[in-house]
Amino acid sequence: MVTTGAESATVTVPARRSGKRDRLLVPALCFVVMTTAVIQTAVVPLLPAMASQLGVDSAAVGWVVTANLLAAAVCTPVLGRLADRQGPRPVLLGTLVLVLLGSVLCTVTEQLPFLVLGRILQGVSFALFPIGVAVLRGRLDPRRLLGAIGLMSGILAVGGGLGMVAAGVLHAEGADFRRVFALLVGLNLAALVVAWVTVPRGGAARTRSGMDPVGVGLMAVGLSAILIALAEGGRWGWASPATIGVAALGIAVTAGWYLHERRTRAPLVPPMLLTGRRVAGTHLAAFLVGMAMYIQFLGSAQFVQASRAAVGYGFDASVLRTSLLVLLPGSVAGVVAASASGRFVHRFRADRVLVAACGIGVAGFAMLALAHSRLWQVIVALVVINVFVSGSYAVLPALLVDAVPAEFTGVANGVNAIARTFGSSLASALVATLLASVTVAGTDLASERAFVIAFWVGGAAAGSAGLAIARAEHFSRKRADRGVRFGAVSVNL
């Protein structure tokens, strides 16, 4: 047993065991978390078909995405904390059951409210990655742990590409959108079986603190209000009283939640996991990386699908062609980058690897902004950008594992995942606003300049993420004498 002075926590570090189950654990968890990305991306191309087949307008069907993000924002840190308290296996299996029920509901329903409810249940899948990190930290030695996290992060990128491919293959013109959800049912069921067989009982640090129901309620209201303002601001008007009022409510309640967390004896998210210099820098970097990722995802997909005859740019690509030819090569490159990140972290330190990855991201976005007249140029730029995104996603959990005690692994990575989600939501609103406001003269179609601006913003986000990590690590190392040792992990918040 190892005792650390950080937050007066006493934690038992589990003995590292090896065996057939442990050898299967990493690929099993990679498959499980891959379903998260598939659930996110497979739905986006279906929104117009959903609106048509359900007989609703585009604003109403937008709640299929918004409700999913709201559930993710609330449930991810809660489930991560629950995994820290009860052990990750039961929480992982329970989460997969909820996701499966959500996919079944989306497959059988013919009404929008039940489809939205199904998407809410699917939204808890965002917690699978931080829970998976908690599982791995309880079973693997530090050297294997970083490589496993990197691989699992890379598979998330592949899942995003596969989701787009699945949407393109299964949803031909006029086909029922529920065919894609039927595929998700099969994936979710397989993930549940795989997790049941391979994820061991125990093997993770636990804490006996309560779940802080007041904190959960305040966080739910605050984060939900901010996300709703981001999601609906374009339709309501960014300067409208509704947008400003909901955003202000969200910010005020979130501030109240933070003050509550500082005062309560058993906080849902201990303040050190929010404002400690290293973790705060990591969360800010996650926000910016999530923003950059969604800018390239939305911007590039819409750019290549544009009609050159109508707007003077684009390649008239179908959803399937966009998925297979444009997005999938980047996803594959991302897996390679994420898998290699663990080795680079051991050799060069995680913060330096992330700064280098962000530099690669800046170069990729610059390529995309400056050279996009030919399809191969876009593909090459997206490969470079995906190396940055997947490499960064692989390193961010490694930074958190190095910075927090094992008993906070799940909730810390849950907060980090939510930071990425908010970055993606802001990027979605930004891209939508740019494409709607910077248009071809005399039309309501987005101009080439709108995409160029978006790509430069993505590059700025990538560069800022690198600066955030470099600054946080610089000050952290200057104050290293205030850190404590926690087993093989350095706790220097």
For the range 320-344, pairs from a residue that is touching a residue at least 60 places away in the same chain (Cβ under 8 Å) and closer than 17 Å to Arg374 by Cβ to a residue that is assigned to a helix (DSSP H, G or I) and open to solvent by 50 Å² or more (accessible area, probe 1.4 Å), with Cβ under 8 Å and 6 or more apart or across chains, are Thr322/Gln305
Of everything in the range 412-452 that's buried (at least 18 other Cβ atoms within 10 Å of the Cβ) and without any contact (Cβ under 8 Å) to a residue 60 or more places away in the chain, which residue is nearest to the chain's Cα centre (by Cα)?
-> Leu434
Gly299 fails exactly one of the following numbered conditions: (1) in a helix (DSSP H, G or I); (2) open to solvent by 10 Å² or more (accessible area, probe 1.4 Å); (3) not polar (S, T, N, Q). What is the number of that condition?
-> (2)
Which residues, taken from the range 224-246, are within 25 Å of the chain's Cα centre (by Cα) and open to solvent by less than 30 Å² (accessible area, probe 1.4 Å)?
-> Ser224, Ala225, Leu227, Ala229, Glu232, Gly233, Thr243
Output the residues belonging to the range 83-131 that are charged (D, E, K, R) and open to solvent by 30 Å² or more (accessible area, probe 1.4 Å).
-> Arg85, Glu110
Has the range 168-190 got any residue that is open to solvent by 40 Å² or more (accessible area, probe 1.4 Å), of a type in the set (Val, Ile, Thr) and either at pLDDT 90 or above or in a helix (DSSP H, G or I) (or both)?
-> yes
Index of the failed condition, Gly256 passing every other in (1) crowded, with 17+ Cβ neighbours inside 10 Å; (2) in contact (Cβ under 8 Å) with a residue 24 or more places away in the chain; (3) not aliphatic (A, V, I, L, M) | (1)
For Phe348: the one exception among (1) without any contact (Cβ under 8 Å) to a residue 40 or more places away in the chain; (2) closer than 26 Å to Pro27 by Cα; (3) buried (at least 16 other Cβ atoms within 10 Å of the Cβ) | (3)
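Could you tell me which residue of the range 266-296 is farthest from Leu328 (Cα to Cα), considering only residues that are touching a residue at least 24 places away in the same chain (Cβ under 8 Å) and not in a helix (DSSP H, G or I)? Steps first, answer last, please.
Step one: list which residues in the range 266-296 are touching a residue at least 24 places away in the same chain (Cβ under 8 Å), which gives 266-270, 272-274, 276-296.
Subset that is not in a helix (DSSP H, G or I): 266-270, 276.
Details: Ala266: 44, Pro267: 42, Leu268: 38, Val269: 37, Pro270: 39, Gly276: 37 Å.
Within the range 266-296, the match that is farthest from Leu328 (Cα to Cα) is Ala266.
Within the range 131-159, which residues are of a type outside the set (A, V, I, L, M, F, W, C) and more than 14 Å from Thr35 (Cα to Cα)?
Kept after step one, since they are of a type outside the set (A, V, I, L, M, F, W, C), are these residues of the range 131-159: 132, 137-139, 141-144, 147, 150, 153-154, 159.
Once the filter is applied, which keeps residues that are of a type outside the set (A, V, I, L, M, F, W, C) and more than 14 Å from Thr35 (Cα to Cα), the range 131-159 yields Arg137, Gly138, Arg139, Asp141, Pro142, Arg143, Arg144, Gly147, Gly150.
For the range 361-377, give me each residue that is part of a helix (DSSP H, G or I) and buried (at least 21 other Cβ atoms within 10 Å of the Cβ). Full working, then the answer.
Restricting attention to the range 361-377, the residues satisfying the condition of being part of a helix (DSSP H, G or I) are 361-370, 375-377.
Gly361, Val362, Gly364, Phe365, Leu368, listed by residue number.
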If you go through the range 378-386 one residue at a time, do you hit one that is closer than 22 Å to Thr439 by Cβ, crowded, with 18+ Cβ neighbours inside 10 Å and either out of contact with any Phe, Trp or Tyr (no Cβ under 8 Å at 6 or more places or on another chain) or in the same structural domain as Ala432 (by the TED database) (or both)?
-> yes
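The values are calculated or read from the model by the stated rules, or taken from the named source; none is laboratory data. Computed from a prediction, not measured in an experiment: that's the story for all the values here. No Cβ is skipped: glycine too gets one built from the backbone with ideal geometry, and neighbour counts run over all protein chains shown. Only protein heavy atoms, including side chains, enter the accessible area calculation; ligands, DNA and RNA are left aside. Shrake-Rupley method; radii C 1.70, N 1.55, O 1.52, S 1.80 Å.
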